[in-house]
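**Student:** This is the structure I want to talk about, given as structure tokens.
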Amino acid sequence: MSLNVELPPTRTLPPEKPLRLLDNAGHAVTGRDTGGFALPDLATLVELYRRMVIARRFDVQVTALTRQGRLATYPSALGQEACEIGAVSALDADDWLFPTYRESVALLTRGIDPAEILVSFRGDWHNGYDQRAHRTAAQATPLATQALHAVGLGHAARLRRDPIAALAFLGDGATSEGDAHEAFNFAAVWQTPTVFLVQNNQYAISVPLSRQTHARTFADKAVGYGMPGYHVDGNDVAAVYAVTRAAVERARAGHGPTFIEGVTYRVESHTNSDDPTRYRQQREVEHWKRRDPIERLEKYLVSEGALGDGLREEITEAAEALAARTREAMSAEAEVSPLELFDHVYATPRRQLAEQRERLAAELAGGLETSGAAR
Amino acid sequence: MSALAEAAPAAEAGTGPGPVTMAAALNRALRDAMAEDDRVVVYGEDVGPLGGVFRVTDGLQAEFGEERIWDSPLAESGIVGTAVGMAIYGLRPVVEMQFDAFSYPAFEQIVSHVAKMRNRTKGRLQLPMVIRIPCAGAIGGVEHHSDSSEAYWTATPGLTVVTPSNPADAYSMLREAIASDDPVVFMEPKSRYWAKAELALPVTTAPMDRALVLREGTDVTLLAYGPTVKTALDAADAAAAEDLSIEVIDLRSLSPFDDETVGASVRKTSRAAVIHEAAQFGGYGAEVAARVTERNFHWLAEPVLRIAGYDIPYPSPKLESFHLPTADRVLHALAGWDWDLA
């Protein structure tokens, strides 16, 4: 789907009021606040709704499983579905995605199996899906580092004359990292086909936005790098999708990188081991819950008569089926192979590791003789 | 174009024996690799029209164009981080860190991603990339131009760390590093860039994961790498005059470590010392000494010695000669052993 939006010159600061296509009451926005973007068609919006509902159900299910001890940790994306699903839905199959650890629902939208998404959080291995098949890098834990990988991959594609885009997710905290700056600058200097999607969810674990930046918006920073920057209502999936899609098309056409800030909120704790009552007020959480991205789109679709009972039921069933599949996958103990610890470190076989592998194999086969040292 | 580039022959043709510096050998290795495989790209700081501050990339941009070799913004984490993305896409990036201490901004990318990506993804995302690091001192460089960072890299599983000590190895090992499917930290001893050897290029020396006995001896095994290989050879020359027979091993590969070659030598001589410029405490020599001792204790007449830099930050140019291990310092250390037991 082509939106044919004229992008603003790179020297213009974005309006302070976030760009939006649907307001919180679910009404279509008109005028300046749309930034000239058109509301995606109803079929697209229904599909985005379906994906968000399924993603929400998945996220809630995984949080529950984590509380039950089935997973070691889980960084929830509850409340951030519009950013994650809106942005990933704007990618084509041959584009690349560079996620962080909070992008589980983005990965789900990318078509990755729930059990494979959760491999790292269950602790079976560091990553569990086929990165090449899904054109999705492993979830990055060190902040902002993956943004440089996205820039490099995009540059390589450009050198190969492959018209693809690479989307990198970052958080508000990650923008303080040096790698974020380097990624923005390299992307702009090299004019790489990169889309930076900064999910400003207001907190870096416990540290609020005010202690992370003194800039008016994160999107303002784009101007300094010489690339277009968008300050978007991150709870408006229509806006996130439309802006990201335009950025992806721009990237694929060889017109360089785009910076998008999605203003959203992390409704859950950072991970299950976090205690947000120590650093934020419940009334703030409630305030943001009233701006729920799924409810907003739902109101619009209902008002347009695009969300009948049959469709609702079908989506609920799909969400419940996915939740059941996730429960089932997480209830079975994962098979881990201790000897595999040595198998993937190097492409070139290394005697040092072969020796250590043999030692562990012997230990696994017969246990360790631990007496006799003093004889 | 400089004299170096003018002297370089066409990539396809071999050159007859002649004096070749390490810088020229590295230049030729890059050139031949780029000519042979269009996935090889080279970038970093000042590697384009300038040809690198040590002229290792001299003439390459003129020959291959800006899409194969280019100047990047001045940011080492950015250089290595983007190389990770390029390697994922199927290129074979060769990046330059300009100076040893300038590689530290890239530490996170190297340690957290370059070293771990293959393991993290069970081999699906290999990173065939080379990080060239002009290393070590003795060039009269100001602070941050003379570090020896090898122990940071060798302490990191997932990295292959090699260092040539002469022009022939420089050519052969760099070609092998570029051809490797594993990421390689390629440490180039700055003080040896301009040392010449009679050489015909291209040349293939021993595989880069093997240590080489450069000089045979019977009394002592000196283990050296990069810039200290020359120190060890000088010490062996001087010792020969006093009837002390020193075997000199150029480790070449710091990770992996060639236990076989080193063990065979140590079991023959029963005495060993390791020489490096980096500070002794926690240095690479500590691993060498421990490893050699663990595997060869019953053949050893003396503890494995470390002859290394002092445990101080790298000195200023007028003071570096007091810091660096010298042949005399090596011989003095060896003289401290109880030779009557021999």
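**Student:** Using the alpha-carbon atoms, what tilt in degrees (0 to 90, nearest 10) does helix A:293-303 show relative to the longest principal axis of chain A?
**Tutor:** Relative to chain A, helix A:293-303 is tipped by roughly 40 degrees.
**Student:** Can you say what percent of the DSSP beta bridges in the range B:212-341, counting only those with both residues inside, are antiparallel? Round to 5. Walk me through the numbers on the way to the answer.
**Tutor:** Details: 3 of 16 bridges.
Of those bridges, close to 20 percent are antiparallel.
**Student:** So, one more: For B:His144, list long-range residues whose amide hydrogen, built 1.01 Å from N in the peptide plane, is under 5 Å from its own amide hydrogen.
**Tutor:** Amide H neighbours of B:His144: none.
**Student:** Then there is this: Quick query: amide H of A:Leu21 versus all other amide H atoms, modeled in the peptide plane; which residues come in under 5 Å with a sequence gap of 5 or more or a different chain?
**Tutor:** Placed amide hydrogens put A:Ala239 under 5 Å from A:Leu21.
**Student:** On a straight-distance basis, which lysines could pair with A:Lys221 in a cross-link, Cα separation under 25 angstrom, same-chain partners fewer than 8 positions away excluded?
**Tutor:** Here the lysines satisfying the reach criterion relative to A:Lys221 are A:Lys17.
**Student:** Roughly what % of DSSP beta bridges within the range B:3-199 run antiparallel, to the nearest 5? Working shown, then result.
**Tutor:** Numbers: 4 of 24 bridges.
Bridges in the range B:3-199 are about 15 percent antiparallel.
**Student:** Need the list of lysines near B:Lys268 for cross-linking: C-alpha distance under 27 angstrom, and skip anything on the same chain fewer than eight residues off.
**Tutor:** Answer for B:Lys268, where 27 Å is the Cα cut-off: B:Lys230, listed by chain and number.
**Student:** For peptide B:125-131, how many partner chain Cβ atoms fall within 10 Å of a residue's Cβ, on average? Don't skip to the end; give the middle numbers.
**Tutor:** Details: counts 6, 3, 1, 1, 1, 0, 0.
Shielding by partners across B:125-131 averages 2.
**Student:** Another question about this same structure. I need the phi-derived Karplus couplings for the range B:280-292: 6.51 cos²θ - 1.76 cosθ + 1.60, θ = phi - 60°, integer Hz, Gly and Pro marked x.
**Tutor:** So the Karplus estimates, Gly and Pro as x, are 5, 5, x, x, 4, x, 5, 5, 4, 4, 5, 5, 5 Hz.
**Student:** I would also like to ask the following. Can you give me the relative contact order of the range B:212-341 as a percent, contacts being Cα pairs under 8 Å and 6 or more apart?
**Tutor:** This gives 26 percent for the range B:212-341.
**Student:** Here's another thing I want to ask about it. In sequence order, what are the phi-derived ³J(HN,Hα) couplings for the range B:25-34 according to the Karplus relation 6.51 cos²θ - 1.76 cosθ + 1.60 with θ = phi - 60°, rounded to whole Hz, with x for glycine and proline?
**Tutor:** With coefficients 6.51, -1.76 and 1.60, one gets 5, 5, 4, 5, 5, 4, 5, 5, 5, 5 Hz.
**Student:** If you average the C-alpha positions of the range A:330-359 and of the range A:197-220 separately, how far apart do those two centres end up, in angstrom?
**Tutor:** With the range A:330-359 and the range A:197-220 each reduced to a Cα centre, they are spaced 40 Å.
**Student:** For the peptides B:268-277, B:236-245, what is the packing order when you average, over each peptide's residues, the other Cβ atoms within 10 Å and list the highest mean first?
**Tutor:** The densest-packed peptide leads the list: B:268-277, B:236-245.
**Student:** Angle, helix B:259-269 long axis vs. longest principal axis of chain B, Cα atoms, 0 to 90°, nearest 10?
**Tutor:** 30 degrees
**Student:** Would you mind putting B:257-265, A:361-369 in packing order, based on average other-beta-carbon counts within 10 Å, highest first?
**Tutor:** Going from most to least packed, we get B:257-265, A:361-369.
**Student:** If we sort A:278-291, B:289-302, B:180-193 on the protection proxy, mean other Cβ atoms within 10 Å, highest first, what's the order?
**Tutor:** Order by mean packing, descending: B:180-193, B:289-302, A:278-291.
**Student:** Further question on the same structure: How many partner chain Cβ atoms sit within 10 Å of a residue's Cβ in peptide A:139-150, on average, as a whole number?
**Tutor:** Working: counts 1, 3, 2, 5, 1, 3, 8, 4, 4, 12, 13, 5.
Taking all residues of A:139-150 together, the mean is 5.
**Student:** Within 10 Å of each Cβ in peptide A:129-136, how many partner chain Cβ atoms are there on average? Round it to a whole number, please.
**Tutor:** Details: counts 2, 3, 7, 4, 1, 0, 0, 0.
Averaged over the peptide's residues, the number is 2.
**Student:** What is the distance in Å between the Cα centres of the range B:20-91 and the range A:141-157?
**Tutor:** Here the two parts' Cα centres lie 19 Å apart.
**Student:** Hey, another quick one. Taking Cα pairs under 8 Å and at least six residues apart, what relative contact order does chain A come out at, in percent? Write down the numbers at each step before the final one.
**Tutor:** Details: 663 pairs, mean separation 91.7, N = 375.
So the answer I get is 24 percent.
**Student:** Still on this structure, please answer the following. Step through the residues of the range B:70-83 one at a time and calculate ³J(HN,Hα) from phi using the Karplus curve (6.51 cos²θ - 1.76 cosθ + 1.60, θ = phi - 60°), rounding each to whole Hz and writing x for Gly and Pro.
**Tutor:** Per-residue couplings from phi come out as 8, 7, 9, x, 7, 7, 6, 5, x, 5, 6, x, 5, 5 Hz.
**Student:** Once both axes come from the Cα atoms, what is the angle between helix A:309-331 and the longest principal axis of chain A, in degrees from 0 to 90, rounded to 10?
**Tutor:** For A:309-331 against chain A, the angle is about 20 degrees.
**Student:** Calculate the radius of gyration of the Cα atoms of the range B:251-342 to one decimal place, then report Dmax, the largest Cα-Cα distance, as a whole number, both in Å.
**Tutor:** Rg and Dmax of the range B:251-342, Cα atoms, are 14.1, 43 Å.
No value in this document is a laboratory result; all are computed from the given coordinates. Everything numeric here is computed off the predicted structure, so don't read it as measured data. Note that we place each Cβ from the backbone using ideal geometry, even for glycine, and neighbour counts take in every protein chain shown.
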